[in-house]
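Right, one structure below, let's go through it.
The values are calculated or read from the model by the stated rules, or taken from the named source; none is laboratory data. As the structure is a prediction and not an experimental result, all values here were calculated from the model. Ideal geometry is used to build each Cβ from the backbone, glycine not excepted, and the neighbour counts take in all protein chains shown.
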Amino acid sequence: LYVISKKLEQSYTENKRLKIDNDDLQHEFERDRQGYLNTIRAQEKQLLLYRTILEKMSSTLQRNCNYSNIDKIIEQARYDEERNEYIVPDPMKEEVQFPQVGHLPTTNGRTHQSDFVSSSKPALPPSTDYECDYTIPSQINKG
């Protein structure tokens with residue numbers, strides 16, 4: 001009976017020690033978890049700051065620069081697992097081609113009436129989409 005009582009007491013002591021160890025591990029896990037959550041929150045805030053700065057800066061870039069559209073750059077970016085870095089397109093400016101001034105028609109872009117004249121029909125300009133909205137004003141009664 002004495003031996004059984006001693007083993008039972010040792011079991012209680014071992015059980016109590018294991019519970020204390022378990023509580024310590026749970027507290028350590030909770031501290032680590034809170035630390036990770038705080039790190040994630042800080043990184044999210046920092047990421048938001050960087051994104052806001054990028055959006056402000058991209059609006060100051062000329063429109064013919066490919067970095068004026070950040071979403072397009074993000075879409076084109078690729079992550080290299082071996083080098084542990086992003087590969088993004090090089091900044092470049094697209095040259096804008098404007099029409100040459102010497103080749104513009106002198107009628108402000110309108111075609112001449114003679115372009116619509118055919119020998120069998122009277123000369124009429126082409127119809128427009130807004131003609132159906134046009135109503136001829138009725139004669140006003142003078143009274």
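Quick rundown of the values:
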| quantity | calculated |
| --- | --- |
| Inter-residue pairs, beta-carbon under 9 Å, first within 11 Å of ILE70 (Cβ to Cβ) and without any contact (Cβ under 8 Å) to a residue 24 or more places away in the chain and in the range 40-58, second of a type outside the set (Gly, Ala, Ser) and in a helix (DSSP H, G or I), 6+ apart | ARG51/ILE70; LEU54/ILE70; GLU55/ILE70; MET57/TYR67; MET57/ILE70; SER58/TYR67; SER58/ILE70; SER58/ILE73 |
| Single unsatisfied condition, ILE87 versus (1) surrounded by 11 or more Cβ atoms within 10 Å (Cβ to Cβ); (2) of a type in the set (A, V, I, L, M, F, W, C); (3) modelled with pLDDT of 90 or more | (1) |
| Members of the range 1-48 found to be of a type in the set (A, V, I, L, M) and modelled with pLDDT of 95 or more, listed by number | LEU18, ILE20, LEU25, LEU37, ILE40, ALA42, LEU47, LEU48 |
| Residue in the range 65-74 that is part of a helix (DSSP H, G or I) and exposed (fewer than 10 other Cβ atoms within 10 Å of the Cβ) present | yes |
| Pairs where the first residue, in the range 59-83, is aromatic (Phe, Trp, Tyr) and the second is surrounded by 10 or more Cβ atoms within 10 Å (Cβ to Cβ), C-beta under 7 Å, 6+ apart | TYR67/SER58; TYR67/LEU61; TYR67/ILE73; TYR67/PRO91; TYR79/TYR86 |
| Odd one out for GLU95, checked against (1) surrounded by fewer than 11 Cβ atoms within 10 Å (Cβ to Cβ); (2) in contact (Cβ under 8 Å) with a residue 24 or more places away in the chain; (3) in a helix (DSSP H, G or I) | (3) |
